[in-house]
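Some notes on the structure that comes next.
Computed from the coordinates by the stated procedures, all read-outs in this text should not be read as laboratory data. Bear in mind the structure is a predicted one, so any value in this text is a computation, not a measurement.
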Amino acid sequence: MLVSADLVAQFGQALDNVLDVVWAAGGSPESVARMVPLRHDKEGSTGRGSKDIGSEYRRRMGKHYPAMSWSG
């Protein structure tokens, strides 16, 4: 179920979900080695909201930057 139609809110919730699993397994954000966010809408690929997405990312992951590629 989507938390919102807003891409930034969806991204934040997805990170929370991933980190819940990582914490439950005894890890931390630094345990994440690779992330591949998947976008289905073409508007999401225009860079719109990328600053806000970056803020959501840093709020959860800090200065840890695993290998990441966007797919979609």
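For this structure, a couple of remarks:
- Extension reserve of the Lys63-Glu30 stretch, reckoned as 0.36 nm per residue once the Cα distance is removed: 11.0 nm
- For Met35, the residues whose amide H sits under 5 Å from its own are Ala67, Met68, Ser69, ignoring neighbours fewer than 5 places away on the same chain, with H placed 1.01 Å from N.
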